Amino acid sequence: MKKMLFYVIVGLILIGIVAWDTSKGFEIFSKNDYKMAVISPQGLGLISVSSNRGMINFLVIGPEVMVWVPRGYGWYKADRIYGLLKQEGRMDIASEIMFFNFGNNCRKIIWGDDLLAWEEWGNMVDHLGVLPSIYLKWRMSEMFFNEEVNNNQLVDNVRLDEVLSREFSEDRLIEEDIKVSVFNATGSNLLATFVAEKLNWLGINVLTVGDNTTEMDECILKYGIDVEKSKTFSVIRDIFSDCQISAEENILAGEMELVLGRKWSQMINYDSYVRSF
């Protein structure tokens with residue numbers, strides 16, 4: 001009886017360990033696109049695993065490309081981002097760098113010595129867990145692999161715009177077709193346009209871009225019915241987590257409004273983005 005109890009306890013512990021380990025990369029099993037990014041001394045890399053398309057897209061951002069680092073840091077070459085965030089202890093803003101520069105909603109950020117660190121078994125297991133890593137390795141052998149290298153600057157980069165819109169937009173967000181309007185309530189130049197571009201790259205249907213009728217301090221995310229349970233709502237809510245959320249009767253079903261206020265603009269230090277090279 002004691003031996004049986006011992007085996008049951010050990011079995012439960014093993015099941016718990018496997019479940020915890022698998023939870024790190026559980027989304028890789030779904031049909032949703034899975035996004036990762038690599039930050040290394042060589043530059044930046046974006047990875048999109050799309051089961052629906054049967055594709056893995058890998059975008060390399062070359063070392064000399066200037067990348068905007070929010071929250072007051074300004075512009076840095078891509079090969080300096082790794083050292084900067086490590087030195088400053090600001091690895092927590094890596095996902096913001098990926099969104100504000102590439103409209104990329106990363107599930108995982110991989111830190112490595114080179115841009116191929118994401119393919120290494122040890123890094124996969126560390127970030128995704130054993131079972132998701134085995135699954136991804138298996139899927140990689142079946143999927144079409146597409147690699148793009150960008151060595152041009154990000155501002156007014158038509159080719160990069162095409163790549164991000166076509167290869168890195170998320171199928172589920174496109175299919176949901178939730179319409180989002182973005183309004184600038186700060187007085188800062190082109191803030192709504194800046195954010196709308198990134199949402200478009202994600203695959204979100206941006207309906208209207210413009211200035212709010214009045215300037216505001218707070219950032220507000222408003223939504224109509226049939227929106228709250230959508231993936232689009234979840235993604236925008238997580239990215240703009242510092243914004244107030246409000247269900248509004250005057251917002252049409254299937255639509256959202258994002259009103260960007262002064263406090264949010266100051267938090268990311270948008271003014272440090274507006275510069276010329």
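FYI, it's all coordinate maths here, none of it is from the lab. This structure is a prediction, so every number in the text was calculated from the model and none was measured. Note that each Cβ is placed from the backbone with ideal geometry, even for glycine, and that neighbours are counted across all protein chains shown.
Counting only DSSP beta bridges whose two residues both lie in the chain, roughly 45 percent are antiparallel. Relative to the longest principal axis of the Cα atoms of the chain, helix 130-140 runs at roughly 70 degrees. Once Rg and the Kirkwood radius are both taken over the C-alpha atoms of segment 143-217, their ratio Rg/Rh works out to 1.06.
In the chain, the calculated helix contribution to ellipticity at 222 nm averages -11500 deg cm²/dmol per residue, counting -39,500 (n - 2.57) for every DSSP H run with n ≥ 4.
Of the candidates Ile47, Ile178, Ile245, which one comes out as most mobile in a Gaussian network treatment of the chain with C-alpha springs shorter than 10 Å? Result for the chain, Cα springs under 10 Å: Ile245 fluctuates most. Helix 2-23 and the longest principal axis of the Cα set of the chain meet at an angle near 30°.
The equivalent ellipsoid that matches the C-alpha gyration tensor of the chain spans semi-axes of 34, 25, 19 angstrom, in descending order.
Size descriptors for segment 215-277, from the alpha-carbon set: Rg then Dmax equal 13.5, 44 Å.
When the chain is treated as a Gaussian network with alpha carbon springs shorter than 10 Å, the biggest mean-square fluctuation among Ser50, Ser181, Ser234 belongs to Ser234. Given just the C-alpha atoms of segment 171-272, how large is their convex hull per residue in cubic angstrom? Spread over its residues, the Cα hull of segment 171-272 gives 88 Å³ apiece. Please say if segment 31-173 is rounded, prolate or oblate, where rounded means a/c under 1.5 for a ≥ b ≥ c the square roots of the C-alpha gyration tensor eigenvalues, and otherwise the choice is prolate for a/b larger than b/c and oblate otherwise? It comes out oblate by the Cα gyration axes. Applying a 4.7 Å Cβ-Cβ cutoff to the chain leaves Cys106 as cysteine residues with no disulfide-compatible partner. With θ taken as phi - 60° and the Karplus curve 6.51 cos²θ - 1.76 cosθ + 1.60 applied, the whole-hertz 3J(HN,Hα) list for segment 238-253 is 6, 5, 9, 5, 8, 8, 5, 10, 9, 7, 10, 5, 7, 8, 5, 4 Hz, x standing for glycine and proline. Using θ = phi - 60° in the Karplus curve 6.51 cos²θ - 1.76 cosθ + 1.60, the 3J(HN,Hα) couplings for segment 255-271 round to 10, 9, 10, 10, 9, 8, x, 4, 5, 5, 4, 5, 4, 7, 6, 4, 4 Hz; x is entered for Gly and Pro. Helix 78-88 and the longest principal axis of the C-alpha atoms of the chain enclose an angle of approximately 80°.
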